[in-house]
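The values are calculated or read from the model by the stated rules, or taken from the named source; none is laboratory data. Just so you know, these numbers come straight off a predicted model, no measurement behind them. All Cβ positions, even for glycine, are placed from backbone atoms using ideal geometry, and neighbour counts span all protein chains on display. In case anyone asks, the SASA skips ligands and DNA or RNA and just uses the protein heavy atoms, side chains included. Shrake-Rupley method; radii C 1.70, N 1.55, O 1.52, S 1.80 Å.
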Amino acid sequence: MCLAVPSKIVSIHNHLSVVDVLGVRREISLLLMPEAVSVGDYVLIHAGFAIQRVDETAAMETFRFFRETGALST
């Protein structure tokens, strides 16, 4: 089973983006995104690729769930 993690886009250059996940930044590809995204959007990341846009409320709810279940220590 795989888990896609919500990540906030902080910069975009061509088909690459830097995303932030609770203070950790990494570069990911936007090549699999079915729709355009912008800086500030939240996306689900799987295997280094953004695969779907999610709204901020859903992203925050996911982080809350991760914290409640002990999956995150922040």
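Just a few scattered comments:
- Taken over the stretch 1-44, the residue count meeting the criterion of being closer than 17 Å to Glu56 by Cβ and of a type in the set (Val, Ile, Thr) is 8.
- Top-ranked residue in the stretch 4-17 [being in contact (Cβ under 8 Å) with a residue 24 or more places away in the chain and among the aliphatic types (A, V, I, L, M); ranked as surrounded by the fewest Cβ atoms within 10 Å (Cβ to Cβ)]: Val10
- Tally of residues being open to solvent by 40 Å² or more (accessible area, probe 1.4 Å), within 16 Å of Lys8 (Cβ to Cβ) and charged (D, E, K, R) across the stretch 26-74: 7
- Selection from the stretch 18-52 of residues that are charged (D, E, K, R) and in contact (Cβ under 8 Å) with a residue 24 or more places away in the chain: Asp41
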